[in-house]
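In what follows, a single structure is set out as structure tokens and then discussed.
The values are calculated or read from the model by the stated rules, or taken from the named source; none is laboratory data. These numbers come from a predicted model, not from an experiment. Here Cβ is always computed from backbone atoms with ideal geometry, including for glycine, and neighbour counts include all displayed protein chains.
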């Protein structure tokens, strides 16, 4: 029997489709942006609003956005191959007030989980350490680098236009979940 691995996964832009926010942003801010236009994680400059204005909008709209988010391409197929063998902890910057919506979304998409931790901030280091995570999946560049370097574990970085800065050796950039699965399966078998 293979060793059970403790997977840590970000939710938004990693398990959910990175384009999730775009229709809502375009509608509310009267824009016509695509994922390719989002070249930095901070969205307020692209939308020509202040950070405070963006976060007021975000706090009002995030429940409906998260409730209707699409699952990232190939995630379910890959996850089904791993789900009975490994432990899955989801660690997200979402606020804990969104836990019920988040759990319903997982149930709606038939994604089992062992634990969901909503931190309300992007710093995930303590949560990764507290849960003894052995490999992490992320879309936010600085989170991926910090987790890899501070926790000394591999981090799979889901490739997006907003995370193109250089990465350290322990961060592995992949184009999709199928490519992630190949890397992870090779890593588990070494």
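So the values come out like this:
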item: Scope region 1-34; condition surrounded by fewer than 15 Cβ atoms within 10 Å (Cβ to Cβ) and either touching a strand residue (DSSP E or B) at 6+ places or on another chain (Cβ under 9 Å) or assigned to a helix (DSSP H, G or I) (or both); matching residues; result: 4, 23, 26, 27, 28
item: Qualifying residues in region 160-190 (those that are outside any loop (DSSP other than H, G, I, E, B), touching a helix residue (DSSP H, G or I) at 6+ places or on another chain (Cβ under 7 Å) and free of Cβ contacts under 8 Å to residues at least 60 places away in the same chain) - the one surrounded by the fewest Cβ atoms within 10 Å (Cβ to Cβ); result: 174
item: Residue that is surrounded by the most Cβ atoms within 10 Å (Cβ to Cβ) [pool: residues in region 61-112 that are part of a strand (DSSP E or B) and within 14 Å of the chain's Cα centre (by Cα)]; result: 91
item: Unique match (being under 18 Å from residue 144 (Cα atoms) and not assigned by TED's automatic domain parsing to the domain that holds residue 115) among 41, 90; result: 41
item: Counted residues, region 120-139 - those being at pLDDT 95 or above, in a loop (DSSP other than H, G, I, E, B) and farther than 12 Å from residue 9 by Cα; result: 1
item: Hey, residue 142 assigned to a loop (DSSP other than H, G, I, E, B), under 23 Å from residue 33 (Cβ atoms) and modelled with pLDDT of 95 or more or not; result: no
item: Residue under evaluation residue 157, criteria (1) without any contact (Cβ under 8 Å) to a residue 40 or more places away in the chain; (2) outside any strand (DSSP E or B); (3) crowded, with 17+ Cβ neighbours inside 10 Å, criterion not met; result: (2)
item: Residue 147, sole failed condition from (1) closer than 18 Å to residue 188 by Cβ; (2) touching a helix residue (DSSP H, G or I) at 6+ places or on another chain (Cβ under 6 Å); result: (1)
item: Unmet criterion (only one of (1) under 22 Å from residue 74 (Cα atoms); (2) out of contact with any helix residue (DSSP H, G or I) (no Cβ under 6 Å at 6 or more places or on another chain)) for residue 121; result: (1)
